[in-house]
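Shown below is the structure under consideration.
Bear in mind these aren't lab numbers, they're just calculated from the coordinates by the rules spelled out. Given the structure is predicted, the values throughout are model-derived calculations rather than measurements. So basically every Cβ, Gly included, is an ideal-geometry build from the backbone, and we count neighbours across all protein chains shown.
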Amino acid sequence: MKRVIVEKKILIANEEFAAKNRDLLAGLKIPCLNVISSPGSGKTTLLARTIRELKGKIRIGVIEGDIQTDIDAQRIKAAGAPAIQINTEGACHLTAVQVSQAIEKLPIKDLDLVFVENVGNLVCPSAFDLGETAKVAVLSVPEGDDKPSKYPTIFARAKALLINKIDLLSGVDFNMEKAKADVLKLNKDIKIFPVSAKTGEGLQNWYDWLVETTKI
């Protein structure tokens, strides 16, 4: 019983900070996208290319979540965007209070869009509200087309899904139509973008969606 009470208090505190983050960002008319995927899906590569290719169109800031190191934050900065690193020291997801503290360190009033690159995990991050405008899922082709069936929560809650590494489709066993169909069963309104962060294929549709998202 005590464990349940403690967990409830943690979730309540998280919701309070999530509401604070949401109100702040809504007041500034800055959308925040919480990007969630397994490790190695290509989240950072996607974000870095997005930052470079939308330079001059959308001013982007990034909150980076990792268990250790600031490798990804350095990659984002090299792409031309401000980035704040959060190391969770073993925790499998970011919390709303961590995001709140990171927002304070970003040049928030000079931005049009904030990405939160969550810790690589398809399960834990999907359960925690950070105050984001929307969740964005990333699924890479080498992971297999069964991930939406195995880990339905994030795909059911995401507003957009990027199916990355489509340049590898000829070399792996991945059924694109099955993956799309399984996702749409969970979430009929989700936007699905098959892309390659390596070659750039499909990314223009993603960029167009981001431009529309910033017009809130």
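With Kirkwood radius over Cα pairs in Å defined as stated, name the option among (i) 16.9; (ii) 17.5; (iii) 20.5 computed from the structure displayed.
(ii)
For the chain, can you list the cysteines whose C-beta has no other cysteine C-beta under 4.7 Å from it?
Lone cysteines by the Cβ rule: Cys32.
Using a/c under 1.5 as the rounded threshold, could you call segment 171-216 rounded, prolate or oblate? The axes a ≥ b ≥ c are square roots of the C-alpha gyration tensor eigenvalues, and prolate needs a/b larger than b/c, oblate otherwise.
oblate
Let me ask something else about it. Only counting other Cβ atoms within 10 Å, I'd like Phe115, Phe128 sorted with the fewest neighbours first.
Fewest-to-most Cβ neighbours within 10 Å comes out as Phe128, Phe115.
How much length would be gained if the chain were fully extended between Gln74 and Leu186, taking 0.36 nm per residue of separation minus their Cα-Cα distance, in nm to one decimal?
Going from the current span to full extension adds 36.8 nm.
Let me ask something else. For a quick check: with amide H placed at 1.01 Å from N, whose amide H comes under 5 Å from Ile36's, ignoring anything fewer than 5 positions away on the same chain?
Result for Ile36 returns Val136, Ala137, Val138.
For labels at Gln204 and Lys109 in the simple 7 Å Cα→Cβ model, what's the distance in nm?
3.8
Tell me, which longest segment in the chain has none of the GluC sites (Glu not before Pro) that fall in DSSP loops with at most 12 further Cβ atoms within 10 Å?
It runs 90-200.
Right, something else. Report, in deg cm²/dmol and to the nearest 500, the calculated mean residue ellipticity at 222 nm for the chain, where each DSSP H run with n ≥ 4 adds -39500 (n - 2.57) and the sum is divided by the residue count.
Mean residue ellipticity at 222 nm (helix-derived): -13000 deg cm²/dmol.
If the limit is 19 Å between Cα atoms, which of Lys57/Lys109; Lys20/Lys188; Lys135/Lys215; Lys57/Lys188; Lys55/Lys165 go over it?
Lys20/Lys188; Lys57/Lys188; Lys55/Lys165
Over the chain, what is the relative contact order in whole percent, taking alpha-carbon pairs under 8 Å and six or more residues apart?
24 percent.
On to the next question. Relative to the present Cα-Cα distance, how much length would full extension add between Ala19 and Asp146 at 0.36 nm per residue of separation?
Full-extension gain reported as 42.4 nm.
A further question follows. With labels modelled as points extended 7 Å from the Cα through the Cβ direction, what inter-label distance (nm, one decimal) is found for Val172 paired with Ala26?
3.8
While we're on this one: Assign unit charges at the C-beta atoms only (+1 for Lys and Arg, -1 for Asp and Glu), then state the dipole size of segment 2-213 relative to its Cα centre in Debye, rounded to the nearest 20.
The calculation lands at about 280 debye.
Moving on. Starting with the fewest neighbours, write out Thr45, Thr95 ranked by other beta-carbon atoms found within 10 Å of each beta-carbon.
Final ranking by Cβ density, sparse to dense: Thr45, Thr95.
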